[in-house]
Amino acid sequence: QVQLVESGGGLVQAGGSLRLSCAASGRTFSMGWFRQAPGKEREIVSAISWNGRNTYYADSVKGRFTISRDYAKNTLYLQMDSLKPEDTAVYYCAASLSTSIAVATVAYQYWGQGTQVTVSS
């Protein structure tokens with residue numbers, strides 16, 4: 001059983017930065033960050049393969065967000081720069097039993113509780 005705990009969300013002005021963290025207990029393989037805004041479906045933001053060699057970014061965050069993982073700490077990160085009001089959402093960390101990158105929500109078996117990110121204009 002894998003447990004995921006996110007942290008690092010908050011309120012920031014447009015153009016600012018935040019770093020989300022996801023501490024995992026148990027062995028994880030590929031991991032990802034998703035977000036869900038009010039009235040919208042949950043969507044993939046970024047994903048990383050089990051060995052960290054492959055990453056995926058949604059078009060909306062390319063060049064602004066960076067995903068990384070620290071294997072010693074068993075922690076996943078999402079560095080978010082140049083934030084925009086449209087980035088406002090609850091951000092979820094997820095872990096998949098797949099070793100390759102997964103971008104669909106159904107590919108992930110474990111989910112964190114979510115952390116709110118609010119970007120003011």
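The values are calculated or read from the model by the stated rules, or taken from the named source; none is laboratory data. Note that the structure is predicted; figures quoted are calculated from it, not measured. Neighbour counts are summed over all protein chains in view; Cβ atoms, including those assigned to glycine, are modelled from backbone coordinates with ideal geometry. These area figures cover heavy atoms from the full protein model, side chains too; ligands, DNA and RNA do not enter into them. Shrake-Rupley method; radii C 1.70, N 1.55, O 1.52, S 1.80 Å.
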Of all residues in the stretch 1-34, which are assigned to a loop (DSSP other than H, G, I, E, B), of a type in the set (G, A, S) and closer than 14 Å to T75 by Cβ?
G8, G26
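Which one of these is within 22 Å of I101 (Cβ to Cβ), open to solvent by less than 30 Å² (accessible area, probe 1.4 Å) and of a type in the set (D, E): E6, E43? Step through it out loud before you land on a result.
On the way: E43 fails: open to solvent by less than 30 Å² (accessible area, probe 1.4 Å).
Exactly one residue qualifies, and that residue is E6.
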So for the stretch 50-66 (the condition being crowded, with 17+ Cβ neighbours inside 10 Å and either within 23 Å of L11 (Cβ to Cβ) or touching a Lys or Arg at 6+ places or on another chain (Cβ under 8 Å) (or both)), does at least one residue qualify?
yes
Every residue from the stretch 67-121 that is among the hydrophobic types (A, V, I, L, M, F, W, C), closer than 17 Å to S30 by Cβ and open to solvent by less than 40 Å² (accessible area, probe 1.4 Å)
I67, L76, L78, C93, A94, A95, A102, A107
If a residue must be within 11 Å of the chain's Cα centre (by Cα) and hydrophobic (A, V, I, L, M, F, W, C), how many such residues does the stretch 5-49 contain?
9
